[in-house]
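The block underneath contains the structure these notes are about, expressed in structure tokens.
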Amino acid sequence: MPVGVAAVSGPAGPLRPTPAELQQAYGRTVPDLVRPGLAVLLCGINPSLWSGAVGLHFASPSNRLWPTLHAAGWTSRRLLPHETDDILAAGLGITNLVARATARADEVTDDELRAGLAQLQALATRLRPRFVAVLGLSSYRIATGERRATVGLQCRTVGGSHAWLLPNPSGLNASWQLPRLAEAYGALREAAIASEARNGRSGSAGA
């Protein structure tokens, strides 16, 4: 974990990084949050500077992943980024297509996204989650070359796991407000539960 604000926490988790600490976070990485037997491996585009500074996935307060997961039924309450044990207990893991932290997703190159897909496939092959869900339509389309891909189940696998495409929960994604995000993420939860019932395999698909 990076040295700095991540080592100093309050009741709600890591303290707010300073502007200087955010700038220092450029290029940092955040360790994958994974375990075998996941229901879903969530794959973001790349860490924000906030995440890079505190060493936690989706750590920026403007990111709507945590309220979305709660509204979709994945968690019984709104989790915080530092509650890693609870995230894993919900059957969810988190990784990124590109490891390095940047201020904006458009700072990531197309070549990095394509290379990240191969790394994601290797991780999924090792962990064998039921689903691999990429959080970001444009990045998925670039990484896979599937320019017409839409939200939902995809006609491909990633490392042997079913591929699912979800909208990016970033606060900048104004076309997807919380009710619509919850519906999309809830559809994945329903699919994970159905898959668990069919295969008799428990990955704790949500609350």
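The values are calculated or read from the model by the stated rules, or taken from the named source; none is laboratory data. Since the model is a prediction, treat every value here as computed from it, not as a measurement. For neighbour counting, all protein chains shown are included, and Cβ atoms are generated from backbone atoms with ideal geometry for every residue, glycine included.
Points worth noting:
- Which listed residue, of I94, I87, is under 20 Å from L181 (Cβ atoms), without any contact (Cβ under 8 Å) to a residue 60 or more places away in the chain, touching a Gly at 6+ places or on another chain (Cβ under 9 Å) and β-branched (V, I, T): I87
- Count of segment 180-198 residues, restricted to those that are free of Cβ contacts under 8 Å to residues at least 24 places away in the same chain and either farther than 17 Å from L38 by Cα or in contact with a helix residue (DSSP H, G or I) (Cβ under 6 Å, 6 or more places away or on another chain) (or both), is 1.
- For segment 31-57, filtering for residues that are closer than 19 Å to V132 by Cα and part of a loop (DSSP other than H, G, I, E, B) leaves 12.
- Segment 158-193 - residue that is at pLDDT below 95 and of a type in the set (A, V, I, L, M) and, of those, nearest to F58 (Cα to Cα): L172
- Residue that is in contact (Cβ under 8 Å) with a residue 12 or more places away in the chain, assigned to a loop (DSSP other than H, G, I, E, B) and closer than 19 Å to A192 by Cα, where the choices are S76, S60: S76
- Number of residues in segment 89-123 that are hydrophobic (A, V, I, L, M, F, W, C), surrounded by fewer than 17 Cβ atoms within 10 Å (Cβ to Cβ) and not in a loop (DSSP other than H, G, I, E, B) equals 4.
- Check on R147, crowded, with 20+ Cβ neighbours inside 10 Å, out of contact with any Phe, Trp or Tyr (no Cβ under 8 Å at 6 or more places or on another chain) and at pLDDT 95 or above: no
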